[in-house]
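Visitor: To start, I am sharing the structure in question, which I have written as structure tokens.
The values are calculated or read from the model by the stated rules, or taken from the named source; none is laboratory data. Computed from a predicted model, the values in this text were never measured in an experiment. So basically every Cβ, Gly included, is an ideal-geometry build from the backbone, and we count neighbours across all protein chains shown. With ligands, DNA and RNA removed, areas are computed over all heavy atoms of the protein, side chains included. Shrake-Rupley method; radii C 1.70, N 1.55, O 1.52, S 1.80 Å.
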Amino acid sequence: DAKTTQPPSMDCAEGRAANLPCNHSTISGNEYVYWYRQIHSQGPQYIIHGLKNNETNEMASLIITEDRKSSTLILPHATLRDTAVYYCIVRGSHFSSGSARQLTFGSGTQLTVLP
Amino acid sequence: EAGVTQFPSHSVIEKGQTVTLRCDPISGHDNLYWYRRVMGKEIKFLLHFVKESKQDESGMPNNRFLAERTGGTYSTLKVQPAELEDSGVYFCASSQVNRAGYTFGSGTRLTVV
């Protein structure tokens, strides 16, 4: 079962920041937070991941609370092409083996970017 | 670089027939994964290869499913005999050793009628 909780849907105005929340209150110390998204009819796309520090790449920023029980994915300037289902996933390190490497997808958040 | 390629993109077969799905990972990616989404459900893990070895096949639903990765390059997923509940989208993903993010293919949509 997925170990994360996300709102089922969110809207965001084009050009504004999209802030997608995720609760993962049972995360263990060696588990990472990963974000993927799935644009309609495509395969999931990796966005970003983090352990405890905030992370930023060319796609997004990831803010993880100090207690690591929740996080927020930030798309700084959402475009229409960012409309997708966003998945927050808790997983073991990519150095781990066995089931710790599996991605457990939940229902995700359907983000709709409005013109 | 070329992405993860899956073939065919769509397949419609009758119940009881056999279907083989193929995945070509990104060149140099030793890790290869299969996932699937059956109708109305969430995306679920099927199995994981490192090169030609199966590292984790805990998600394979039953013995009608057989995955291979001969030579550690492309992989095939055979369903024999196919059942109605096997309908869904089958995704393949690959990654380099010790890299965090996977690259997924666009999937194969399998319809069993």
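Visitor: So which trypsin sites (Lys or Arg not before Pro) in segment A:14-83 end up in coil per DSSP with only 16 or fewer other C-beta atoms within 10 Å? Present the calculation step by step, with values, prior to reporting the outcome.
Guide: Working: sites: A:Arg16, A:Arg37, A:Lys52, A:Arg68, A:Lys69, A:Arg81; in loops: A:Arg16, A:Lys52, A:Arg68, A:Lys69.
For trypsin sites (Lys or Arg not before Pro) across segment A:14-83 that sit outside H, G, I, E and B with at most 16 neighbouring Cβ atoms in 10 Å, the list reads A:Arg16, A:Lys52, A:Lys69.
Visitor: Over the protein assembly as shown, what lengths in whole Å, largest first, do the semi-axes of the equivalent ellipsoid take, defined as the square roots of 5 times the eigenvalues of the alpha-carbon gyration tensor?
Guide: Equivalent-ellipsoid dimensions as semi-axes: 30, 20, 16 Å.
Visitor: What's the longest uninterrupted piece of chain B once you rule out the GluC sites (Glu not before Pro) that are loop residues per DSSP with at most 12 other Cβ within 10 Å? Don't skip to the end; give the middle numbers.
Guide: Values: sites that count: B:Glu1, B:Glu14.
Between the exposed loop sites, the longest stretch runs B:15-113.
Visitor: Per 10 Å bin from zero, what fraction in whole % of the C-alpha pairs of chain A is there, up to the bin with the longest pair?
Guide: Once binned at 10 Å, the Cα pair distances of chain A give 15, 49, 30, 6, 0.
Visitor: Quick one: dipole size for the protein assembly as shown, taken about the Cα centre, charges +1 on Lys/Arg Cβ and -1 on Asp/Glu Cβ, in debye to the nearest 20.
Guide: Values: 22 positive and 21 negative charges, 42 e Å.
For this selection, approximately 200 debye.
Visitor: Test of understanding: in a Gaussian network model of chain A with alpha carbons linked when under 10 Å, which of A:Ser70, A:Ser93, A:Ser41 would top the mean-square fluctuation ranking?
Guide: A:Ser41
Visitor: Right, next: Residue-wise, which Karplus ³J(HN,Hα) couplings in Hz belong to segment A:47-52, taking 6.51 cos²θ - 1.76 cosθ + 1.60, θ = phi - 60°, and x for glycine or proline?
Guide: So the J values, rounded to whole Hz, are 10, 6, 8, x, 9, 9.
Visitor: With every atom except the alpha carbons ignored, what do you get for Rg and Dmax of segment B:68-113, in angstroms?
Guide: Cα-based Rg and Dmax for segment B:68-113 come out at 13.3, 41 Å.
Visitor: Of the cross-linked pairs A:Lys52/B:Lys54; B:Lys44/B:Lys78; B:Lys51/B:Lys78; B:Lys41/B:Lys78; A:Lys3/B:Lys41, which ones have a Cα-Cα span greater than 26 Å in the structure shown?
Guide: The answer is A:Lys52/B:Lys54.
Visitor: To continue, here is another question. Might you work out the accessible area of A:Leu62 for me, using a 1.4 Å probe with all protein chains in place, and round it to the nearest 10 Å²?
Guide: A:Leu62 has an accessible surface of roughly 0 Å² with all protein chains in place.
Visitor: Based on the inverse mean of 1/r over its pairs of different Cα atoms, what is the Kirkwood hydrodynamic radius of chain B, in Å?
Guide: After inverting the mean inverse Cα-Cα distance, the result is 13.9 Å.
Visitor: Can you find, among B:Ser95, B:Gly40, B:His10, the residue farthest towards the positive end of the dipole of chain B? Put +1 on the C-beta of Lys and Arg, -1 on that of Asp and Glu.
Guide: So the residue we want is B:Gly40.
Visitor: Could you tell me which Cys residues in the protein assembly as shown have no other cysteine's Cβ under 4.7 Å from their own Cβ, answering none if every one has a partner?
Guide: Those would be A:Cys12, since no other cysteine Cβ in the protein assembly as shown comes under 4.7 Å of theirs.
Visitor: Here is a further query. Within a 10 angstrom radius of each residue's Cβ in B:99-108, how many Cβ atoms of other chains show up on average? Whole number is fine.
Guide: 5
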